[in-house]
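Remarks on the structure that follows.
Please treat every number below as a calculation from the coordinates, not as lab data. Being a predicted model, the structure only gives us computed values, none of them experimental. Every residue, glycine among them, receives a Cβ derived from its backbone with ideal geometry; neighbour counts consider all protein chains shown.
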Amino acid sequence: MKNVAAWQCEFCHRKVHMNKTHMAKHEFVCFHNPRRKACQTCDNHIVEWDEEYTGHRFGEATYSGPIKIDYCEAKETTLDKIPRWKQCECKEWKPKESTLWARKRNSGACKS
Ligand SMILES: [Zn+2]
């Protein structure tokens, strides 16, 4: 095993690349980048947990545990009903106060 240096996405903190250019490309399109105005950084995005029975549509009752429901308060629908490409550059987008970007902006560190 070998320890290597890599680049991590500063928005989603999940994506890691060995190549800096590849990471820059990812950050540009990352849904957690507030500049994309995607659901992940939007104040209208609500996450709810529900208990689901996977088989309920087919008349079975197989408990599958809690499921995550991503909901858009502005569009009044769940995110799985909105195509991925429509989940960014949204007109209803407003910054989530919990995002690092919003905190920086509010403290005046990101004045443009
Ligand atoms: Zn990312």
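Potential lengthening of the chain between K25 and K96 amounts to 23.2 nm, from the contour at 0.36 nm per residue minus the alpha-carbon distance. Taking Lys and Arg as +1 and Asp and Glu as -1, the other residues whose beta-carbon sits under 13 Å from that of E73 total -2.
By the rule of a C-alpha distance below 30 Å, with chain neighbours fewer than 8 residues away ignored, the lysines paired with K20 are K2, K37, K86, K94, K96, K104, K111.
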